[in-house]
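The values are calculated or read from the model by the stated rules, or taken from the named source; none is laboratory data. All values reported here derive from a predicted model rather than from experimental measurement. Cβ placement follows ideal geometry from the backbone for every residue including glycine, while neighbour counts extend to all protein chains displayed.
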Amino acid sequence: MISTVHWLAVINNPKMITESMMRFAILGISHETNTFSIVPATYEEFEKVHILRGEEIFDQFADSEYTISGYIQGAEELGFDIVPLMYAVTGPIGTITKDAYDRLSSEMLGMLCDQGPWDGVLLSNHGAAVSEEFPDM
């Protein structure tokens, strides 16, 4: 994992990246939990909106105002490699079920293990997500 000090050194000397071609994974879960909602955020609810994998992430976010767009722009400007793995999105409904969280996180961890090694992981998570198991995701 890249440290803050190392990252600052890289920003001030982008040549450091191109000499070693650092490699970062992109992952995320975007869900704004409404704990008053009676509609749970199941895996199927994520599938209804989208669970993007691989290049679908670039297709969806390359020219947007989302965090992932910033990751793409930063990689282009600084010359490091980013590999889109998985990004799951659902609307503002209830708490993420344990099953949904387990399935999403298991797939993400599997991708990280299968496609690594990595110099870092770029997570694009919504700050207001709550699951049955983790009240502050």
Is it the case that segment 104-114 has a residue that's within 14 Å of the chain's Cα centre (by Cα) and charged (D, E, K, R)? yes
Which residue pairs have Cβ atoms closer than 7 Å, lie 6 or more positions apart in sequence or on different chains, and pair a first residue in segment 33-61 that is under 29 Å from D81 (Cβ atoms) and at pLDDT 95 or above with a second residue that is part of a loop (DSSP other than H, G, I, E, B) and not hydroxyl-bearing (S, T, Y)? V49/G91
Please enumerate the residues belonging to segment 91-101 that are touching a helix residue (DSSP H, G or I) at 6+ places or on another chain (Cβ under 7 Å) and modelled with pLDDT under 95. G91
